[in-house]
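Engineer: The structure's right below; bear with me while I get my questions together.
Since every read-out is calculated from the coordinates, none of them should be taken as a lab result. Predicted model only: the values in this text are computed from it and were never measured. Every residue, glycine among them, receives a Cβ derived from its backbone with ideal geometry; neighbour counts consider all protein chains shown.
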Amino acid sequence: MNRLEAKFKKLKSEGKKAFIPFITAGDPNLEVTKSLVLELEKRGADMVELGVPFSDPIADGPVIQKSSQRALKKRISLLKILELVRQLRQKTTIPLVLMGYYNPIFKFGEAEFVKRFSQVGLDGLIVADLPPEEANDLKKEADKNNLDTIFLLTPVSSEERIKLVSASSTGFIYCVSYTGITGDARKGEEDLKELIGKIRMLTSKPIGIGFGISSPQAAKKAASLADAVIVGSAIVKRIEKYRGNKNLLREVGTFAERLARAINVN
Amino acid sequence: MNYLPDKKGHFGQFGGKFVPETVMPALQELEEAYLQAKEDKNGFQAELQLYLSDYAGRPTPLYFAERLTHNLKGAKVYLKREDLAHTGAHKINNTLGQVLLAKKMGKTRIIAETGAGQHGVATATAAAVLGLPCQVYMGDEDIRRQKLNVSRMKLLGAEVIPVSSGSCTLKEAINEAMRDWVTNIRSTYYVLGSVVGPHPYPMMVRDFQSVIGKETRQQILAKEKKLPGYLLACVGGGSNSLGLFYPFLEDEVELIGIEAGGLGLSTYRHGATLARGSIGVLHGSKSYLLQDRNGQILFTHSVAPGLDYPGVGPEHSYLKESGRAKYYTVTDSQALEAFRWLSEIEGIIPALESAHAIAYLKKLAPGLKRDDIVIVNLSGRGDKDLEEVGNESPRGKV
């Protein structure tokens with residue numbers, strides 16, 4: 001059993017939901033990213049998503065776009081993130097998931113990517129522009145190396161796609177809360193209850209909800225429907241605001257703690 | 001070869017659908033609608049044909065450029081006059097097809113990206129005549145250097161949305177159009193302007209543009225009773241070149257695509273994707289790309305905004321790899337010189353994009369025999385470029 005599966009099992013037995021914060025690796029720099037992961041864990045994160053910056057992030061809103069640009073200015077690459085994961089693994093067993101776009105992974109070499117990242121203790125992978133249809137090679141390697149591949153579903157997914165994505169996903173299924181890009185809090189709420197219901201009929205795998213969850217209230221609501229709640233832009237916005245400030249860890253940590261509490265308040 | 005792409009949208013190892021999950025159902029819906037429209041000879045195809053002929057002015061002429069031929073002292077040169085199509089470029093062939101399709105699909109809003117502004121103008125035009133609201137994403141830098149087309153789009157009732165991220169050119173305009181599409185996926189139809197993007201776009205845009213090659217084939221056979229030895233066209237995303245090449249793929253005709261050499265291939269300030277790129281994934285398909293060793297997409301440069309793009313259509317990558325087509329580059333200054341040269345010698349002001357093909361013609365034609373035939377796709381007219389050429393040219397304002 002790998003770390004993601006074990007974590008979801010443990011949470012389920014305790015009647016709890018997972019809180020998964022997202023931060024971009026290398027924004028504002030790798031040392032701070034490392035401290036942020038440890039801080040987030042201390043404040044109640046159950047897993048952490050590390051964003052791999054890409055020059056053309058078509059699924060991301062302005063907050064994560066800018067964050068990626070800041071990281072790229074620091075010349076953050078997959079090799080540097082590999083070293084980050086290796087160092088983090090010496091200090092924590094919290095499940096770590098990378099989220100990014102396909103091209104940097106393709107350029108790195110899919111087999112090489114999976115081999116080296118699973119060796120240093122990465123647990124899962126989300127690729128925003130890689131639907132299951134194009135993921136056969138990557139998935140084969142990932143399955144061999146016990147690296148979870150998390151695919152996405154959205155409010156416009158048909159039953160056929162729910163089946164395909166559920167079958168291809170390991171670890172959990174990422175349910176996007178609206179049709180759109182990350183961090184769009186203006187988006188009207190979609191009827192997620194129906195979508196989650198449809199997914200539950202077809203699979204028993206854990207479901208995480210993400211995109212646009214910007215407050216403890218919204219996190220609480222998402223937690224009532226799913227097994228995990230993913231918060232990205234709202235956290236990254238605080239990193240943007242407090243970067244270079246000595247209170248960065250505390251500010252982000254306090255916000256994370258409020259989210260974690262909201263998710264598991266009964 | 002004519003049966004590519006396969007069912008999943010692959011041309012050999014290239015193409016495919018690398019998009020966020022939200023877009024997947026829309027691509028499937030689009031593919032089904034397109035394949036149905038393609039077979040609907042009496043409905044969709046007849047209606048499109050009528051728009052192409054009576055509205056857009058097709059067929060465009062195949063013009064024997066006598067002075068050009070005489071001047072080059074080599075092969076016989078013909079120009080396929082896409083500059084004479086309505087809106088002044090080949091882009092209208094594709095946008096009439098796609099906006100008509102959008103209407104049949106019941107979509108209520110049109111979006112597009114544009115670099116040189118020609119695709120934006122052509123989309124705004126098709127949206128106007130078919131009665132749909134239209135928004136066009138355009139990079140700040142392109143808005144600056146293609147002012148005429150910005151005014152045209154506005155006059156045609158479209159809203160031009162400036163994009164100020166990254167290099168502020170075509171790549172960023174596509175990023176923003178895709179983000180809009182993901183957000184408004186239920187109501188909106190995204191009119192992609194080239195043979196790029198996820199399946200079925202590369203196939204569909206190629207099919208709509210292959211009217212260029214089909215006409216050219218009939219016209220040259222009528223005039224010369226034989227096929228040309230060479231077809232020449234510029235390649236940014238690659239829609240005018242593929243539209244010309246496609247009906248000749250199984251003939252013994254040399255296919256030559258010309259990419260933007262910018263300030264020179266050694267400067268890294270160019271758009272020579274096939275000449276200098278490596279394989280990767282951008283904007284929904286696998287193809288050659290200009291990228292760094294970490295897979296980040298590079299900035300490009302060309303004096304021709306329509307060629308200022310780090311990607312290229314997946315079918316071009318396939319044609320390059322199979323050796324069926326050859327690709328060369330022409331620099332900014334060579335294109336600018338050809339821009340003036342064609343204007344003076346034939347009385348035709350070419351778009352800076354098309355001027356790249358003319359510049360290569362100058363190198364190619366003199367070495368050929370008198371009975372060889374070269375056809376150049378004159379993909380657009382150059383009015384849009386006059387101001388920018390004035391800025392670039394050492395001889396001052398035109």
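Engineer: Once you sort the root eigenvalues of the Cα gyration tensor of segment B:199-271 as a ≥ b ≥ c, which label holds: rounded (a/c under 1.5), prolate (a/b larger than b/c) or oblate (the other case)?
Structural biologist: Cα axes put segment B:199-271 in the oblate bin.
Engineer: I need the shape label for chain B. Rule: rounded when a/c is under 1.5, else prolate if a/b > b/c, else oblate, with a, b, c from the alpha carbon gyration tensor.
Structural biologist: Here chain B falls in the rounded category.
Engineer: Hey, another quick one. Which of the trypsin sites (Lys or Arg not before Pro) across segment B:306-398 are loop residues per DSSP, with 11 or fewer other Cβ within 10 Å? Don't skip to the answer; put the middle values down first.
Structural biologist: Details: sites: B:320, B:324, B:326, B:340, B:362, B:363, B:369, B:370, B:381, B:384, B:395, B:397; in loops: B:324, B:369, B:370, B:395, B:397.
Sparse-neighbourhood loop trypsin sites (Lys or Arg not before Pro): B:369, B:370, B:395, B:397.
Engineer: Sequence neighbours fewer than 8 away in the same chain don't count; with that in mind, list the aspartates and glutamates whose C-alpha is under 16 Å from residue A:140.
Structural biologist: A:110, A:112, A:123, A:148
Engineer: Give the lysines reachable from residue A:74 as a straight Cα distance under 16 Å; neighbours fewer than 8 places away on the same chain don't count.
Structural biologist: List returned: A:34, A:66.
Engineer: Over chain B, calculate the relative contact order: mean separation of alpha carbon pairs under 8 Å at least 6 apart, over the residue count, as a percent. All intermediate terms of the calculation are to be shown ahead of the outcome.
Structural biologist: Details: 900 pairs, mean separation 80.6, N = 398.
Normalised by residue count, the contact order of chain B is 20 percent.
Engineer: Check the straight Cα-Cα distances from residue A:17 and name the aspartates and glutamates below 17 Å, setting aside those fewer than 8 residues away within the same chain.
Structural biologist: The qualifying aspartates and glutamates are A:5, A:41, A:46, A:49, A:227, A:257.
Engineer: Continuing with the same structure: Which whole-number percentage describes the relative contact order of chain A, with Cα contacts under 8 Å and a sequence gap of 6 or more?
Structural biologist: Relative contact order for chain A comes out at 23 percent.
Engineer: Separate question: Please go through the residue pairs A:73/B:154; A:42/A:163; A:187/A:220 and name each one whose alpha carbons sit more than 26 Å apart in this structure.
Structural biologist: On the way: A:73/B:154 36 Å; A:42/A:163 36 Å; A:187/A:220 18 Å.
Over 26 Å apart, Cα to Cα: A:73/B:154; A:42/A:163.
Engineer: In the structure displayed, which of A:7/A:144; B:226/B:369; B:41/B:80 lie more than 19 Å apart, Cα to Cα?
Structural biologist: On the way: A:7/A:144 21 Å; B:226/B:369 15 Å; B:41/B:80 26 Å.
Table pairs above 19 Å Cα-Cα are A:7/A:144; B:41/B:80.
Engineer: Oh, and also: Give the shape of chain A as rounded, prolate or oblate, defined through the alpha-carbon gyration tensor: a ≥ b ≥ c are the square roots of its eigenvalues, a/c under 1.5 means rounded, and otherwise the shape is prolate if a/b is larger than b/c and oblate if not. Display every interim value, and only then the final one.
Structural biologist: On the way: a/c = 1.33, a/b = 1.08, b/c = 1.23.
The shape class here is rounded.
Engineer: Let me ask you something else. Using DSSP to call loops (not H, G, I, E or B), can you name the chymotrypsin sites (Phe, Trp or Tyr not before Pro) in segment B:1-97 whose Cβ has at most 10 other Cβ atoms within 10 angstrom?
Structural biologist: Values: sites: B:3, B:11, B:14, B:18, B:34, B:44, B:51, B:55, B:63, B:64, B:78; in loops: B:3, B:18.
Answer by residue number: B:3.
Engineer: Let me ask something else. So which trypsin sites (Lys or Arg not before Pro) in segment A:61-158 pass both tests, a DSSP loop state and at most 16 other Cβ atoms within 10 Å of the Cβ? Intermediate results must be reported in sequence, preceding the final value.
Structural biologist: Details: sites: A:66, A:70, A:73, A:74, A:75, A:80, A:86, A:89, A:91, A:107, A:115, A:116, A:139, A:140, A:144; in loops: A:74, A:75, A:91.
Here the sparse-neighbourhood loop sites are A:74, A:75, A:91.
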